[in-house]
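Chemist: One structure follows; several queries about it will come next.
We did not get these values from a lab; they are worked out from the coordinates using the rules stated. Remember, it's a predicted structure, so these values are computed and weren't measured experimentally. We place every Cβ from the backbone using ideal geometry, glycine too, and count neighbours over all the protein chains shown.
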Amino acid sequence: MDRKPVASVKYMNWRIKHLAKHLAEQARKHFPKTELSGEYWVLDEEKFAMLIIQECIEINRKELAFPAFDRLMHRYQTDLGVEL
């Protein structure tokens, strides 16, 4: 029996690009203009990674039964050092 994919590859590619852009905007650090340089923005890579993990947690919260979700939260804390 052939199973149809839950989401098409095209949609997944769009969703990943949209999510990356949205999270990158939240993870930017602003540096104002000074006498020596112009205004610029830098991606805070640590914050960006944490935002991706938080997005995964929200998906897991919606999809997993409580015992599995609880185990997963423990793994995020121990393996990734995420403060929940």
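Chemist: Using unit Cβ charges (K, R positive; D, E negative) and no other charged atoms, how large, in debye to the nearest 20, is the dipole of the chain about its Cα centre? Don't skip to the answer; put the middle values down first.
Modeler: Details: 14 positive and 13 negative charges, 101 e Å.
Dipole size: approximately 480 debye.
Chemist: Further, regarding this structure: Which entry in (1) 2, 14, 20, 17, 13, 10, 8, 7, 6, 2, 0; (2) 3, 11, 12, 13, 13, 9, 8, 6, 6, 5, 5, 4, 3, 2, 0; (3) 3, 12, 15, 16, 16, 16, 9, 6, 4, 2, 1, 0, 0, 0 is this structure's computed P(r) over Cα pairs in 5 Å bins from 0, in percent?
Modeler: From the options (1) 2, 14, 20, 17, 13, 10, 8, 7, 6, 2, 0; (2) 3, 11, 12, 13, 13, 9, 8, 6, 6, 5, 5, 4, 3, 2, 0; (3) 3, 12, 15, 16, 16, 16, 9, 6, 4, 2, 1, 0, 0, 0, the structure gives (3).
Chemist: Taking +1 at the Cβ of each Lys and Arg and -1 at the Cβ of each Asp and Glu, which of 81, 68, 31 sits farthest along the dipole of the chain towards its positive end, judged by Cα position relative to the Cα centre?
Modeler: Going by the Cα projections, it comes out as 68.
Chemist: Would you please give the residues with an amide H less than 5 Å from that of residue 28, counting only those at least 5 places away or on a separate chain, with H modeled from the backbone geometry?
Modeler: It is 44, by chain and number.
Chemist: Additional query: Can you compute the charge dipole magnitude of the range 12-56 about its Cα centre, using +1 on each Lys and Arg Cβ and -1 on each Asp and Glu Cβ, nothing else charged? Give it in debye, rounded to the nearest 20.
Modeler: Charge dipole, the range 12-56, about its Cα centre: 220 debye, nearest 20.
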